[in-house]
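The values are calculated or read from the model by the stated rules, or taken from the named source; none is laboratory data. It should be emphasised that the depicted structure is a prediction, and the values quoted were computed from it without experimental measurement. Note: ideal-geometry Cβ built from the backbone for every residue, glycine included; neighbour counts use all protein chains shown. Note: areas computed on protein heavy atoms with side chains; ligands, DNA, RNA excluded. Shrake-Rupley method; radii C 1.70, N 1.55, O 1.52, S 1.80 Å.
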Amino acid sequence: MAIALSRTPPQPLSPSSSSSSNFDQHQPNSPLLLRSQNTPKSSSWITSPSKTVYSLVAVGFVFFQILFAIQSQISLRTIVASGNRWHAAPDEEVTAAMDAAISSKTDGLFNDVRTLWSDSKSFPQTKLIRHAAGFTILDNLYVHNGTMYIVSDKPRLFPEIRMMTSSGAKIESEPDTEGKLEPTDRDMRIISVKEAKELFGQQAGSVNGVSFMNSDNPQYITHYYHFSAELLFGLWRTYTSLDADIQANGATILPPPSRLIFTHTTQEHWRDYASMNQWIFHAAFPSASLEFQGDWEDRGQMEMGWVYDRVVLADRAAVTRSHAWHETWRYASPAFELPGRSGAGEESGHDGETYKGKEKNPGAGWWWTPIRRNVLKFASAGKKSGRLIRKALDFTYSRRDETQKQDKPVVTYVSRQGWGRRMLKEEDHEVLVNELKRLEREEGYELNIVHMEQLTREEQLMLAGKTDILMGVHGNGLTALLWMEPKPYSTVMEFFCPGGFARDYEWTANRLGITHYGFWGNSSFTAPNLPPREYPPCFQRNDIPIDGKLVANLVKQRLDARTPTASRT
């Protein structure tokens, strides 16, 4: 069950002031100040040549004092301001001055290293902002020695720890796997303010901004679909539950995350074989950093604890304990129980139908648009973006006209022929290609028949971004649907061996407002009439049948539904 609490709108970080007047006004006790503390502020500004000379002399005087201090083996840090003069001071005086500057919590330099409290009333307790199984937003989450701490005198306000995180063990099919995944006090605890003060003392290191955090085992992260269409998909959907009015152009009140933290994944074990994970993350959040298990352990080895401003936490094992998981087998599914506007879904819908009392594409809307647009902008700006996509197309079947206009419907067939696993019957593949070529000639569609592994990352993304109908055998290439623009006729067509079905791409497309059709040879199906999830022996075979004429007829049917006012962003 999702928990949605009233929230304070996310506050962007206050920019540090670059004005010396603000610096002087807010940091009167800073040992870094060069202006005399007893000098009236108005006289500190240079307003005449005589004052200019006086200022230069004063600066020179301070400079020679510093040189003298160095020669006398007096540490530079023991030079502090006092009245109208500089003097050498003991370390404890400098420390006190530094503490005064840091604890002021103003716009000075490095003033955000620690969060301090004097009593229980001033202790920043943890707040639950959003929660669905496996996806949780927490403000003021504490970490000490690698353990997450929820600090609250009202522990009943929080869900069970096992519904938020896990031990990070590998998910396996053995009977004792569930026990290994259960979180212990080493993973997360809920403690009172009194206990927190005993543990942390009077301070904790401040980790400012929004932190996306993942406590999964890396077994699924090293895969393009599982990272982008599950982990990132769920984290972003959870986070965007805080903005119910994301616009069609991707405008949002939410600040981007400052970092993505993997508590159980090393730097060497998060990249996928196609190197898409790192590309997508850095394109989506150009200023965000990455922290891995080693960084998590480094923080844990420091004596001071840490307090994170806002954490969006995701955990796959916690998701598997939910009803949503058992219904869909999709990692991100509980996140769609959280609030969120279904803008594109309300406008484009899925043929206006509903099932199980819900919209046929629940959760579809503009929520993913900020990610999609950022990724496509980076793809179009790449050095290789000027290369013709046609260079890596399958020339045997593609007759793409480079002069054709971009407002033509775009059909992309991701071929797995030659891949060695999950391929169509060769004769059926040939019929499908001929039927698609016929539509290209008769209807004027733009047809692209591609082998994704032959395209650069930029080419894959740009092609997906303009595709209206994407098709292919079940496989990683269909992850490209993430970058399609959701329109009333946007469609994914997925080919399975008869009797086989996996909801990976059907569910993902549905949540983006994109219609999905599955095919078993000469028959097709779509929501709400979906078959059960099944992986028969033929699932991975290389002789999967497909009726090319049936596919082509459905392509024409879908594209005939285009409206004259349809636009591409």
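Within the stretch 450-470, being among the hydrophobic types (A, V, I, L, M, F, W, C), over 20 Å from the mean Cα position of the chain (by Cα) and closer than 16 Å to ASP272 by Cβ holds for MET452, LEU455. Residues that are of a type in the set (Asp, Glu) and open to solvent by less than 10 Å² (accessible area, probe 1.4 Å) within the stretch 452-497 comprise GLU459, ASP468, GLU494, listed in sequence order.
Being among the polar types (S, T, N, Q) and not in a loop (DSSP other than H, G, I, E, B) is the filter; apply it to the stretch 239-251 and report the residue that is nearest to HIS226 (Cα to Cα). Once the filter is applied, the top-ranked residue is THR240. For the stretch 502-547, how many residues are among the hydroxyl-bearing types (Ser, Thr, Tyr) and closer than 24 Å to LYS466 by Cα? Of the residues in the stretch 502-547, 5 are among the hydroxyl-bearing types (Ser, Thr, Tyr) and closer than 24 Å to LYS466 by Cα.
For the stretch 521-543, state whether one or more residues are over 24 Å from the mean Cα position of the chain (by Cα) and surrounded by 24 or more Cβ atoms within 10 Å (Cβ to Cβ). Steps first, please.
Taking the stretch 521-543 and keeping what is over 24 Å from the mean Cα position of the chain (by Cα), we get 521-543.
Checking which are surrounded by 24 or more Cβ atoms within 10 Å (Cβ to Cβ) leaves us with none.
No, the conditions are met nowhere in the stretch 521-543.
Among the residues making up the stretch 248-264, a single one is closer than 22 Å to THR508 by Cβ and of a type in the set (S, T, N, Q): THR252. So is ARG533 in contact with a Cys (Cβ under 7 Å, 6 or more places away or on another chain) and touching a residue at least 40 places away in the same chain (Cβ under 8 Å) or not? No, not satisfied. For the stretch 113-127, taking the residues that are within 30 Å of the chain's Cα centre (by Cα) and among the polar types (S, T, N, Q), the one that is nearest to VAL311 (Cα to Cα) is identified as THR126.
So which residues in the stretch 144-155 are part of a loop (DSSP other than H, G, I, E, B), touching a strand residue (DSSP E or B) at 6+ places or on another chain (Cβ under 9 Å) and open to solvent by 50 Å² or more (accessible area, probe 1.4 Å)? Lay out the reasoning, then the answer.
First, pick out the residues of the stretch 144-155 that are part of a loop (DSSP other than H, G, I, E, B): 145-146, 152-154.
Still in the running and touching a strand residue (DSSP E or B) at 6+ places or on another chain (Cβ under 9 Å): 152.
Correct list: empty.
Restricting attention to helices (runs of 4 or more DSSP H) lying wholly within the stretch 334-449, give those where 3 or more residues are open to solvent by less than 30 Å² (accessible area, probe 1.4 Å) and modelled with pLDDT of 95 or more.
Working: elements: 343-348, 369-381, 426-443.
By residue number, 369-381, 426-443.
Looking only at the stretch 252-292, count every residue that is part of a helix (DSSP H, G or I) and open to solvent by 50 Å² or more (accessible area, probe 1.4 Å) and tell me the total.
Going through the stretch 252-292 one residue at a time, the tally reaches 4.
State all residues of the stretch 156-210 that are open to solvent by 70 Å² or more (accessible area, probe 1.4 Å) and either in contact with a His (Cβ under 9 Å, 6 or more places away or on another chain) or assigned to a loop (DSSP other than H, G, I, E, B) (or both); if no residue qualifies, say none. Listed by number, the residues that qualify are GLU160, LYS170, GLU172, SER173, GLU174, PRO175, ASP176, THR184, ASP185, ARG186, GLN202.
Of the numbered criteria (1) farther than 21 Å from ARG130 by Cβ; (2) buried (at least 18 other Cβ atoms within 10 Å of the Cβ); (3) of a type in the set (Ser, Thr, Tyr), the one THR238 fails is (1).
If you go through the stretch 117-143 and keep only what is open to solvent by 40 Å² or more (accessible area, probe 1.4 Å) and either of a type in the set (A, V, I, L, M, F, W, C) or assigned to a strand (DSSP E or B) (or both), you end up with just LYS127.
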